[in-house]
Each structure stands twice: as structure tokens, then as C-alpha cells.
Amino acid sequence: MSTPLRVLVLVAVVVLYYWLGKALLFRAVRHLAAVTRIGPARWGTAQRADVFELAAAGASHVVVVAALLAVSGIGPGVLVGGLARPELLGLGVLLGIGELAIGSLICRALIEVGLAGRTRRREPPTRTNPPVGGRSSGTASRTATAVRARPREDHGLLLRSWLGRSRGGWIRHHLTALKVLPLWAALGLTGVQVASEELVFRGIALTWLRDAGPAVALTTSVVLFVVMQAFFMSTWQGAMFPLVGGVVMGVVHGLVFWAVPDVAPLVVAHVVFFVFAVI
């Protein structure tokens, strides 16, 4: 299969499965959650839907990975790459923490820039008026101080609002799972999805496109991985967090896998990054 056709297959997977396929799957699962009482009685319909959607996403991911392995002809050895080297798994933990720090720093900088511009547009012009009637200069000073403090208060509210939006969309599934499921079950569901993404966008994509060279392979892997992160996020403010994380992780994991083609430490890094990011 030629390189353009391989790239086209990967693009089709992102569009047909990660976007259209998951949309249909989630709709069916939400309907199932609404008409059944599967799960503990304390779960509400929304919680049941979130857990069902996460479980369905994990199961469908496994099917997609198996299909891609069959189409690409890549051996199943890519599934266990790195498991025999525990030192790489330890480095995966450190890698995930480092990526989280970099992604968080970039997101905070972007938020501060956005809020600074918004505050400047909303802040009224400063005027100095002489005391009127019996108002003392001390009262005027306190009033001016209150007016100057209000933009800082607004900044804090806007920051919390922006951070709150980052916990919506598909990230909500994982947050609900961590809240209502035993920790081992929540991490298991998250781990299946994360491992599948590493296998698709690093293990399979980069192995399949290795003959095309690093420029084509890494660009395809990173772009598709980042685009996928934006699906099912309700606002652009909330989508900024997975997009920035996708860029950081896509570039770093792509370069690491290109040099050391082992998937397992990248799965560990991805899990560490994601769990600490959503907690």
C-alpha cells in the first residue's frame, strides 16, 4: 500500500470512528442509560450514561486497533513493546509528569493572555473627581480602591470559569468514572482507552509510515492526534486544554517512539498525564 493511501486510511479512521462513529455510539449508549437501570441504584441517568460511554469507547477502541493491525499487517508485538524493560516504564512516569507540567504552563499562559485582553476591553476609564459635598478624601480613596480591586476579582472569576469548562466534553466521562467507580475500575477503563490511542497514533501510525520518513510520519501522527482531541468538547475554551496537551504529547511521544519504538512506556506516560490532569 502506498504512503498516500496509508495516510488516507488513518484520516478515515479519525473521521469515521473518532468523530462519526463515536457520535452514533454515544447516542445509542445514552438511550440505553435512559431506559435501563444497569448499575448501582445510586447512579443517576447522567452518571450511568457517562460510565457507559467510557466503557463503550474503550471496547470500540480495541476493535479499531485490531482492525488497523490487520489492515496494516503490523505484528501484535507492537502491543507489548517495552513491557520487558521496567526501567522504561519508570521513565514513562517521569515523562508523563514532565508533559503535564509543560502543558499546564502553556495553558495558563494562554489563559492569562486571553483574560488580560478581555479585562482591558471591559475595564472602564479611570477618572479622578474632586470631593463632592461632605465626602472626605478618605472615602473617595476607599471608593477608588474598590473600583481598582474589581478587575482583579473579575479576573479570578473568569479564570475559574475557564478552568471549569475544561472539565466538560469527553473529559466528563473520566471524571464521573473516578467519582462513582472503584479506583481500579476507573483506571482500567481509562487505561484501555489511553493504551488504544497510543497504539493507533504512535505504535501503528508511526510504524506503518516509517518508510515515508520522519517528516510525513510524525506530522500525520501529531495532526490527527490533536484533531481527535477536539471532538466532543462543548466549548473552544474547554477544548484548549486537550488540544495543548495533544500537541505536547503528540510531539514528545512521536519523537520518543521514533527513536525507541516501544509503546508501553508511552502508555504509562499518557495515563499519568491524564489522571493527574483531571483530578
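Sticking with the crude label model, points 7 Å out along Cα→Cβ, report the distance from residue 3 to residue 19 in nm, one decimal please.
2.4 nm
Restricting to DSSP loop positions (anything but H, G, I, E, B) with no more than 12 other Cβ atoms inside 10 Å of their own Cβ, which trypsin sites (Lys or Arg not before Pro) remain in region 13-57?
Passing sites in region 13-57 are 37, 42.
Cα-based Rg of region 61-110 per 2.2 N^0.38 Å, rounded to two decimals?
Cα Rg divided by the expected 2.2 N^0.38 Å: 1.66.
Taking every pair of Cα atoms in region 1-125, average 1/r, invert it to obtain the Kirkwood radius, and report Rg/Rh to two decimals.
Expressed as Rg/Rh, it is 1.12.
Treating each Cα of region 205-279 as an identical point scatterer and ignoring solvent, apply the Debye formula and state log10 I(q)/I(0) at q = 0.14, 0.26 Å⁻¹.
Result of the Debye calculation: -0.47, -1.23.
Tell me the Rg and the Dmax, in Å, that the Cα atoms of region 34-74 produce.
When restricted to the Cα atoms of region 34-74, Rg and Dmax are 15.0, 46 Å.
For the pair residue 87/residue 251, report the inter-label distance in nm, with labels modelled 7 Å from Cα in the Cβ direction.
With each label point 7 Å from Cα toward Cβ, the separation is 2.8 nm.
Can you give me the Rg/Rh ratio for region 181-236, using Cα atoms for both radii and the Kirkwood formula for Rh?
That ratio is 1.12, to two decimals.
Read-outs: derived from the displayed coordinates by stated rules, not from any lab. If you're wondering where the values come from, they're calculated on a predicted model, not measured in any experiment. Methodologically, a virtual Cβ is constructed for each residue, glycine included, from the backbone with ideal geometry; neighbour enumeration extends over all protein chains shown.
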